[in-house]
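The values are calculated or read from the model by the stated rules, or taken from the named source; none is laboratory data. From a predicted model like this one, the values you see are computed outputs, not experimental measurements. Positions of Cβ are generated from backbone atoms using ideal geometry, with glycine treated the same way; all protein chains shown enter the neighbour counts. Just the protein is used for accessible areas: all its heavy atoms, side chains included, with ligands, DNA and RNA removed. Shrake-Rupley method; radii C 1.70, N 1.55, O 1.52, S 1.80 Å.
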Amino acid sequence: MRHLLSTRSLSRDDAIALLDVAEDMAAVQEREVKKLPTLRGKTVVNLFFEDSTRTRISFEAAAKRLSADVINFSAKGSSVSKGESLKDTAQTLQAMGADGVVIRHPASGAPQTLAMSGWIDAGVVNAGDGTHEHPTQALLDAFTMRRRLHGAASRGRDLGGVRVVIVGDILHSRVARSNVWLLATLGAEVTLVAPPTLVPVDVSGWPASIGYDLDAALATMPDVVMMLRIQAERMQGAFFPNSREYARTWGLDDARFAQLPTTTMVMHPGPMNRGLEIAARAADSPQSTVREQVANGVSVRMAALYLLLSGEREVAR
Amino acid sequence: MSERFLITGAQLPSGERTDLLLDGGVIAEVGSIADAAGATVVDAAGLIALPGLVDLHTHLREPGYEQSETVLTGTQAAAAGGFTAVFAMANTSPVADTAGVVEQELSLGRAAGYATVQPIGAVTVGLKGEQLAELGAMAQSRARVRVFSDDGFCVFDPLLMRRALEYVKAFDGVIAQHAQEPRLTQGAQMNEGALSGELGLAGWPAVAEESIIARDVLLAEHVGSRLHVCHVSTAGSVEVVRWAKARGIDVTAEVTPHHLLLTEELVASYDPRFKVNPPLRRAEDVEALRAALADGTIDIVATDHAPHPIEAKECEWDAAANGMVGLESALSVVHAAMVDTGLIGWADVARVLSETPARIGRLAGHGAPIAVGAPAELTLYDPSASAEFDLARLAGRSVNSPYLGRTLPGRVVATFHQGYATLLDGAVRPADEVARHAAERLEVLRG
Amino acid sequence: MAVRTVLQQADIDRALTRIAHEILESNRGADGLVLLGIPTRGVVLAERLAASIGRIAASDVPAGALDVTMYRDDLGRNPVRAPRPTSLPAGGIDGATVVLVDDVLYSGRTIRAAFDALSDLGRARAVRLAVLVDRGHREFPIRADFVGKNLPSSTRERINVHLHEIDGDDAVTIDGGDADVASAADAAEAGRDA
Ligand SMILES: [Zn+2]
């Protein structure tokens with residue numbers, strides 16, 4: 001693997017291999033010495049054009065636990081105001097000798113542009129691009145599901161037959177996109193539930209079924225319910241009337257949560273809007289994987305960095 | 001001493017083979033010409049002679065954006081593509097919304113001498129869509145503006161559009177509308193459909209174009225005015241234009257070469273060379289546009305030549321500028337999309353790339369069939385050539401061509417404007433020579 | 001290409017039994033012994049040795065796996081390697097006499113990585129090394145305490161260890177060393193212990 005840009009282009013074997021390496025990384029996280037010397041001498045740059053402390057810290061921990069040197073490059077605001085382009089920034093990182101670049105960018109496709117442009121030799125990890133993809137989030141979600149379902153016997157397994165309901169702003173969600181592709185690749189059955197305004201106009205090609213009725217979707221007793229963050233600014237775009245109506249119609253409130261089997265996992269990529277898309281009781285229940293997702297995020301990102309940066313670099317264009 | 005050219009063995013759009021003598025700015029002789037002393041002989045065996053191409057939709061960028069293109073470099077690109085006249089869009093800086101700016105544009109074109117530069121006037125002051133620009137003053141200026149457009153922006157206010165359509169009737173003008181409903185296309189990045197959803201790029205829905213065209217043809221009908229629709233890009237727009245023409249509404253429409261050849265799948269690379277407005281559409285749209293051009297629903301091909309500096313394209317998709325250069329590649333693209341597919345012949349090419357655009361723009365001295373006494377505006381095209389389109393084919397200042405690396409048929413071999421060559425043996429002639437010939441012609445015309 | 005079999009099943013059994021005795025002798029019994037195999041074939045050998053020692057000493061000898069992939073010094077010179085699980089016996093390694101077990105000892109780089117890996121997992125009282133085959137060509141000052149068979153070889157030759165738990169048969173073979181005709185699988189295997 002030279003770059004990790006999307007889950008759309010990830011094969012089943014590559015995905016499982018990455019999740020298996022993440023199992024090894026998770027085992028390292030459970031011992032006293034949590035650090036590995038694997039990427040000693042490598043430089044990983046966290047290039048964040050958008051604020052996301054959670055994601056940046058997760059990647060930073062992952063890189064440091066593999067003994068890489070980490071440079072945090074927060075380009076937000078500064079680059080725009082100075083008029084520095086992605087190209088100039090990339091060439092700066094190239095001059096610094098970056099081996100890996102973890103990029104978060106508000107423009108869909110920016111990581112691909114960075115990876116394919118020839119401006120830089122580094123391996124590129126997409127840490128979320130616009131409304132396109134967020135592959136490591138989907139991988140950590142899949143990892144979390146697999147661990148909950150199969151425990152120590154997770155290695156080598158896919159998510160065949162696992163029924164996942166993803167609820168919320170599909171249109172603007174890179175987490176939803178990455179999950180749809182990855183979960184389908186791993187054999188899960190995905191149902192998307194959202195107000196029609198927050199579903200892309202043509203999702204006929206997506207390996208998922210679409211519904212507008214959350215109660216109907218929950219009545220099928222899914223194995224996983226994933227609630228997406230809803231952004232308040234969507235109200236300005238007339239996507240839905242107000243947050244009260246949204247919470248009532250598409251929120252995982254106490255009553256809906258009570259209807260779910262106790263085996264159903266409740267997931268959220270965070271940060272949560274408690275009381276809007278998810279009620280506190282659901283978020284804090286033992287069914288909630290929210291905290292595991294955070295821990296697993298480090299393991300999955302270690303796996304990604306390991307697979308991208310440990311082997312010999314093909315200087316391929 | 002003005003140039004004389006004897007072109008031998010050229011094939012006319014009709015298929016007939018002939019010699020042509022260019023002399024004194026006109027086609028002096030047609031037929032088998034035995035003797036033309038002092039004329040430069042151009043062996044045109046195997047070449048097609050077309051009336052000089054006319055582009056109704058060119059962005060020359062001067063004044064204001066000379067890092068992208070100037071009148072000189074833009075008309076050099078035109079010559080390289082076989083064009084002898086270009087209509088220069090008004091979105092310069094300052095905007096071409098006064099007689100002064102359009103006359104400056106005209107003068108720059110005349111001085112450069114590579115092609116007739118016919119300015120287009122803005123419909124509204126500063127392209128802001130608030131207040132009519134001085135349409136009459138521009139029409140009555142030396143530039144004799146007949147085409148008005150806020151291209152880049154849609155004249156969205158229906159009342160303003162109605163008034164503009166009505167007002168230009170006074171001087172036989174036409175409003176060329178960039179049909180784009182602004183509210184439906186806020187932040188739009190690509191065609192809205194399955195692919196935009198997958199790529200996470202904000203959608204530019206077909207309805208945003210079609211609804212404006214529908215409104216405008218109805219307005220044109222209501223006030224009895226002439227409407228021209230720029231860069232029609234969807235199958236639905238074709239249906240609306242077809243319906244309007246069937247009703248007898250005085251509407252003409254253009255399609256760009258790129259909308260005849262390229263589809264939205266190219267956007268999946270996030271390569272900003274493929275970012276253009278209106279966006280590349282689906283294969284079904286391309287099919288409908290080709291059929292519409294073949295059956296006359298769409299009247300002309302216009303390039304929407306839109307040069308941008310490298311930095312405007314070497315960046316992430318969202319930040320990239322819309323637009324592609326198109327003058328140098330237009331004829332080859334039409335050849336590939338329309339002629340090689342058997343949809344139209346070379347006489348139709350002459351119609352959609354020369355005769356009709358000149359007529360829509362009320363441009364004298366261009367678009368006339370090749371005949372004795374016609375202006376010596378001529379293009380020689382080698383249809384048998386086929387090559388990878390590379391940087392060497394680009395003659396303007398910018399290189400944002402979506403065709404680089406793609407194999408295209410044909411090659412423009414020579415272009416003659418006002419009787420002198422602007423392109424010979426596939427090479428753009430030096431600026432000083434061309435300027436000298438242009439000055440001589442001006443002298444002759446002024447007597 | 002000539003393939004010679006240098007150890008057959010009976011030879012391997014004999015060698016492992018001898019090593020089992022030697023380990024017991026040097027450790028003065030089975031107390032405090034932990035056998036850690038280096039994946040893939042070292043793990044199988046460690047299990048066999050643990051069983052063998054257990055039979056002889058009539059006590060349980062814990063065995064596990066120690067993956068050294070993340071500690072290798074040659075990661076950047078090869079395609080990405082998939083790590084294998086590390087599994088330690090329940091008691092860990094603190095205070096234990098750890099016997100590292102591998103199939104072939106060659107440059108010594110794998111064992112060097114194993115020392116680093118081991119020290120991140122705890123503090124062993126002592127560390128010993130047992131290998132089925134020692135083929136020479138050391139690049140580090142490392143020597144095995146227990147050797148099944150010394151097999152001086154040319155660097156162009158390939159030594160293949162087959163164990164029936166993984167390969168379906170027990171044998172140690174040596175290839176003629178014509179690198180051009182060696183199969184990709186053999187090359188990968190030879191690379192693993194290089
Ligand atoms: Zn336009």
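The table that follows gives values for the structure above.
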| item | result |
| --- | --- |
| Equivalent ellipsoid dimensions for chain A as semi-axes, Å, which come from the Cα gyration tensor, largest first | 32, 23, 17 |
| Alpha-carbon centroid distance for the pair region B:295-357 / region A:236-259, whole angstrom | 48 Å |
| For the protein assembly as shown, with +1 on Lys and Arg beta carbons and -1 on Asp and Glu, the positive-most of B:Val255, C:Thr155, C:Pro89 along the dipole | C:Pro89 |
| Nearest-ten-degree value, helix B:283-295 long axis tilted from longest Cα axis of chain B | 50 degrees |
| Carbon/sulfur fraction of accessible area - region B:355-447, other protein chains in place, 1.4 Å, % | 52 percent |
| Diffusion constant of region C:3-193 at 25 °C, which comes from Stokes-Einstein with the Kirkwood Cα-pair radius and 0.890 mPa s, µm²/s | 146 µm²/s |
| At least 30 Å² of accessible area lost relative to the chain alone, listed for region B:196-242 with a 1.4 Å probe | B:Gly197, B:Glu198, B:Gly200 |
| Distance in nm between pseudo-label sites at C:Phe115 and B:His222 (7 Å out along the Cβ direction from Cα) | 9.0 nm |
| Surrounding net charge for B:Val240, when Lys and Arg each add one and Asp and Glu each subtract one, Cβ distance under 14 Å | -3 |
| Chains A and C together, accessible area buried on both sides, 1.4 angstrom probe, square angstrom | 1300 Å² |
| Listing of region A:87-109 residues, each with accessible area lower by at least 50 Å² in the full protein assembly than in the chain alone (probe 1.4 Å) | A:Ser108 |
| Where the protein assembly as shown is the region considered: accessible area per residue in Å², 1.4 Å probe | 38 Å² |
| Interface residues in region A:113-137 - accessible area drops by 10 Å² or more relative to the isolated chain, probe 1.4 Å | A:Thr113, A:Trp119, A:Thr131, A:His132 |
| Peptide A:37-47, shielding by other chains (average Cβ, 10 Å cutoff) | 2 |
| Heavy-atom accessible surface of chain A: percent carbon and sulfur, 1.4 Å | 50 percent |
| Cα-based helix-to-principal-axis angle, B:235-246 vs chain B, degrees rounded to 10 | 70 degrees |
| Cross-link pairs beyond the 26 Å C-alpha cut-off, checked among A:Lys42/B:Lys275; A:Lys87/B:Lys275; B:Lys128/B:Lys275; A:Lys42/A:Lys87 | A:Lys42/B:Lys275 |
| Dipole in debye (nearest 20) - region A:135-293, about Cα centre, beta carbon charges: Lys, Arg +1; Asp, Glu -1 | 440 debye |
| From the C-alpha gyration tensor of the protein assembly as shown, square roots of 5λ in Å | 70, 35, 22 |
| Theoretical FRET efficiency, 1/(1+(r/R0)^6), r = Cβ-Cβ of C:Ser59 and C:Ile142, R0 25 Å, to 0.05 | 0.25 |
| Among C:Ile53, C:Ile142, C:Ile38, residue whose mean-square fluctuation peaks in a GNM of chain C (springs only between Cα atoms under 10 Å) | C:Ile142 |
| Within the protein assembly as shown: Cβ-based charge dipole about Cα centre, in debye rounded to nearest 20 (Lys, Arg +1; Asp, Glu -1) | 2220 debye |
| Cα Rg over Rh - region B:347-447, Kirkwood | 1.00 |
| Residue (of A:Phe59, A:Ala232, A:Trp119) at the positive-pole extreme of chain A, dipole from beta-carbon charges | A:Phe59 |
| Assigned charges on the beta-carbon of Lys, Arg, Asp, Glu; chain C dipole about Cα centre (debye) | 440 debye |
| For region B:52-360, fraction of C-alpha pairs farther apart than 25 Å, in % | 44 percent |
| 9 Å beta-carbon shell around C:Gly108, net charge (K/R +1, D/E -1) | +3 |
| Accessible-area composition of region C:3-193, carbon plus sulfur, in percent [1.4 Å probe] | 47 percent |
| Diffusion constant of region A:104-200 at 37 °C, which comes from Stokes-Einstein with the Kirkwood Cα-pair radius and 0.692 mPa s, µm²/s | 225 µm²/s |
| Accessible surface buried once B binds A (1.4 Å probe; total of both sides; Å²) | 1400 Å² |
| Alpha carbon convex hull of region A:1-134, volume per residue in cubic angstrom | 106 Å³ |
| Sum of side-chain charges, A:Val180 neighbourhood, beta-carbon under 12 Å (Lys, Arg +1; Asp, Glu -1) | -1 |
